[in-house]
Amino acid sequence: MHGVTARILVADDDPKHAQIVRLYLEREGHQVLTVGDGRAALEQARARKPDLIVLDVMMPLVDGLDVCRILRAESNVAILLVTARSSENDMLLGLDIGADDYLSKPVSPRELTARVRALLRRAGTNDGPAAVLRVGDLEVDAGRFEVRVQGVPVNLTAKEFAILELLAGEPGRVYTRGQIIDKTFGFDHDVSARTVDAHVVNLRRKIEEDPAAPRYVQTVYGRGYRMAEL
């Protein structure tokens, strides 16, 4: 068994696929509940408060993207989208509405469990106190998985938090997109630079007063990103 155990909700209208995913995740030591449509996914997510949701996009009653959008407005639960749509635009749409990660079908159960493991690690499930990183009025509290700007909490996805934590750990240091992928998406070699950029755009929307003229997360043209030294 690897790392932490968690409560995981699997929402997929293909019973055979859902059963395979459940077996692999239970083998990792997780508690797994499966549902077959989007409405049940919403109901169970609200009732059971899982640590992570594996969410199929194409489901009856409520589309997986709508489920993702609704749940992201309500909580920080880690969301892994699974879909037969494999274009990069679909992936970016999923990330834009708050998904933490994205897998295209056919899904390798081993890759899915690796992604789940990494998301749970990033979602603050590790025990023990962690330092609060402070940059100007920005606070990144890894122990509580909280970000505050001028004392006001900001809702981030696990991936946005991971990128912000990396940059805030060494203000002034420039990280290339490749380095950001290695350190925050290390299990997934298929992530593109555009995916990193999409996360940074979403991150700036949430923490910057003016996302078009960012104070904290700065672009270093031709290189990558850095946290400002404030």
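Using the Cα gyration tensor of segment 7-122, with a ≥ b ≥ c the square roots of its eigenvalues, what is the shape: rounded (a/c below 1.5), prolate (a/b larger than b/c) or oblate (neither)? Walk me through the intermediate numbers first.
Numbers: a/c = 1.23, a/b = 1.10, b/c = 1.11.
In terms of gyration-tensor shape, rounded.
As a rough guide to protection, the peptides 62-70, 210-218 ranked by mean Cβ packing within 10 Å, highest first, stand as 62-70, 210-218. Run the numbers on the chain and let me know its relative contact order in percent, using alpha-carbon pairs under 8 Å that are six or more apart. Once normalised by length, the contact order is 14 percent. Note that the chain, at 37 °C in a medium of 0.692 mPa s, gets a Stokes-Einstein diffusion coefficient of 182 µm²/s from its Kirkwood radius over C-alpha pairs.
How many lysine pairs does the chain hold where the Cα atoms are under 23 Å apart and the two sit 8 or more places apart or on different chains?
For the chain, the number of qualifying lysine pairs is 6.
Each value in this text was obtained by applying a stated rule to the coordinates, not by laboratory testing. As the structure is a computational prediction, the values presented were derived from the model and not from experiment. All Cβ positions, even for glycine, are placed from backbone atoms using ideal geometry, and neighbour counts span all protein chains on display.
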